[in-house]
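See below for the structure under consideration.
Nothing in this text is a laboratory measurement; each read-out follows from the coordinates by a stated rule. Everything numeric in this text was worked out from a predicted model, so none of it was measured. All Cβ positions, even for glycine, are placed from backbone atoms using ideal geometry, and neighbour counts span all protein chains on display.
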Amino acid sequence: MTFSTTLCTCTTTPCPEEGVNKLIVGNGTTGVYVYELTSDRDVPRVAQVDVLLQQTDLDHGSDTSSCTQEYSRAMEDDGLDNVDAGHILAHHLGGPGNEPINIFPQSLHYNRGSYSSQEGQIYDCLSAAKEGSYATLHWEFYYNDTTSTQPHEVLYQADFSDSEGCSSISTVFPNTYYG
């Protein structure tokens, strides 16, 4: 099942579908993105993501496109037009911004604040680690109810293979309007 044309109108990249969506990220790593359907409109929404991030994936992502920005706004639940097209896997960590599968409607405040800071910690840790190191990244997305398409919280975890200087990170980020 794919999105209706009112939610995902991208024509050059695949739109998310219910179940497992695999996406090439960074320099060839495969990310596993799991989508579930909303109960009212059968719209796919991201449930969880897992990526085994290699050092070689760093700096191989891309910015968002007009298509993914429109997609993110269409997924916003509160109607306040206050979301970014948030990368699930950040562009500097290898996340493609032109792929709707890697995008969710993210609060402007957290995308440009504490969420971005955690992405920077992951980048710094992995880039300074010994050669061949990797990070295991995991996200879980929590929704207010079965009809919501914008998560109200996001769990973001990172574990590092080179534990000498890099502690595991686990943070639950709010994803709500910040006034």
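Here are the numbers for this structure:
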| item | result |
| --- | --- |
| Around residue 162: net Lys/Arg minus Asp/Glu count, Cβ-Cβ under 13 Å | -3 |
| Amide H contacts of residue 94 (H built 1.01 Å from N, under 5 Å, at least 5 apart or other chain) | 59, 60, 61 |
| Summed residue charge, Cβ within 10 Å of residue 26's Cβ, Lys/Arg positive, Asp/Glu negative | -2 |
| Given (1) 17.1, 72; (2) 15.5, 48; (3) 19.5, 60, the label whose value is Rg and Dmax of the Cα atoms in Å derived from this model | (2) |
| For region 105-171 versus region 7-68, the gap between their alpha-carbon centres in whole angstrom | 15 Å |
| Cα-centred dipole magnitude for the chain, charges only on beta-carbon of K, R (+1) and D, E (-1), debye, nearest 20 | 160 debye |
| Unmatched cysteines, the chain - criterion: no other Cβ of a Cys under 4.7 angstrom | none |
| Mean ellipticity per residue at 222 nm, deg cm²/dmol - from DSSP H runs of n ≥ 4 across the chain, formula -39500 (n - 2.57) | -4500 deg cm²/dmol |
| Summed residue charge, Cβ within 15 Å of residue 140's Cβ, Lys/Arg positive, Asp/Glu negative | -3 |
